[in-house]
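Novice: Below is one structure. I have some questions about it.
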Amino acid sequence: MSNADLVQYITEQASKAGEVRAKQMFGDYALYCDEKVVGLICDDILYLKPLKQLDPFLHEDDKRLQPPYDGAKPHYVITNVDDRDYVSM
């Protein structure tokens, strides 16, 4: 289960990308940008959908793919949520 304060922080950090919100689902959160699901926040970790368009913008450390929960498709794991410009890419 993710910490609600961290989820709020991540949505604020990503706000330059568009209208960003999080919706609680099964104890964790789906992350929406302009009403499209772009990622998940699970166990206090930000996961983004593995879109090829993101590859040029991601730090090498964030290009690893990992499923956010058992049975899920792999997502990018974003490790630096403190960099507003990066999280808003």
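Novice: For segment 66-77, take each phi angle, set θ = phi - 60°, evaluate the Karplus expression 6.51 cos²θ - 1.76 cosθ + 1.60, and give the result in whole Hz per residue in order, putting x for glycine and proline.
Specialist: Coupling constants for segment 66-77: 8, x, x, 7, 4, x, 8, 6, x, 10, 5, 9 Hz.
Novice: Take GLU19 and LEU51, extend 7 Å from each Cα along the Cα→Cβ direction, and tell me the distance between the two endpoints in nm.
Specialist: According to this spin-label approximation, the distance is 1.7 nm.
Novice: I'd like to check one number: the per residue accessible area of the chain, probe 1.4 Å, reported in Å² as a whole number.
Specialist: Details: 5600 Å² over 89 residues.
Averaged over the residues of the chain, the accessible area is 63 Å².
Novice: Here is a further query. Considering only protein heavy atoms and a probe of 1.4 Å, how much of the accessible area of the chain is carbon and sulfur, as a whole percent?
Specialist: Details: 2880 of 5600 Å².
The value for the chain is 51 percent carbon and sulfur by accessible area.
Novice: Can you tally the net charge around VAL7? Count Lys and Arg as +1, Asp and Glu as -1, for every other residue whose Cβ sits under 14 Å from the Cβ of VAL7.
Specialist: Summing Lys/Arg as +1 and Asp/Glu as -1 gives -3.
Novice: For segment 1-19 and segment 32-89, compute the distance between their C-alpha centroids and round to whole Å.
Specialist: Using only Cα atoms to place each centre, the spacing works out to 13 Å.
Novice: R0 = 35 Å: FRET efficiency of PHE26 with ASP85, Cβ-based, nearest 0.05? Provide the component values of the computation, followed by the final result.
Specialist: Working: r = 31 Å, r/R0 = 0.88.
The formula returns an efficiency of 0.70 here.
Novice: Would you kindly derive the ³J(HN,Hα) couplings of segment 39-56 from the backbone phi angles with the Karplus curve 6.51 cos²θ - 1.76 cosθ + 1.60 (θ = phi - 60°), listing them in order in whole Hz, with x for Gly and Pro?
Specialist: So the Karplus estimates, Gly and Pro as x, are x, 9, 10, 10, 6, 6, 10, 8, 10, 10, 4, x, 9, 4, 5, 7, 3, x Hz.
Novice: So, one more: Have a look at ASP70, ASP44, ASP62 and tell me which one the Gaussian network model of the chain (Cα, springs below 10 Å) gives the largest fluctuation.
Specialist: ASP70
Novice: Could you give the Stokes-Einstein D for the chain in µm² per second, using the C-alpha Kirkwood radius, 37 °C, 0.692 mPa s?
Specialist: D = 255 µm²/s.
Novice: Ok, one more. So how strong a dipole does the chain carry about its Cα centre when Lys and Arg Cβ are +1 and Asp and Glu Cβ are -1, to the nearest 20 debye?
Specialist: Once rounded to the nearest 20, the dipole reads 360 debye.
Novice: Further question: Looking only at TYR29, TYR47, TYR69, which one moves most when the chain is put into a Gaussian network model with springs between Cα atoms under 10 Å?
Specialist: Its mean-square fluctuation being the largest, the pick is TYR69.
Novice: With contacts defined as alpha carbon pairs under 8 Å and 6 or more residues apart, what's the relative contact order of segment 2-55 in percent? All intermediate terms of the calculation are to be shown ahead of the outcome.
Specialist: Values: 75 pairs, mean separation 15.1, N = 54.
In percent, rounded to a whole number, it is 28.
The values are calculated or read from the model by the stated rules, or taken from the named source; none is laboratory data. As the structure is a prediction and not an experimental result, all values here were calculated from the model. Backbone-built Cβ (ideal geometry, glycine too); neighbour counts: all protein chains shown. To get the accessible areas, we keep the full protein, side chains included, count just its heavy atoms, and leave off ligands, DNA and RNA. Shrake-Rupley method; radii C 1.70, N 1.55, O 1.52, S 1.80 Å.
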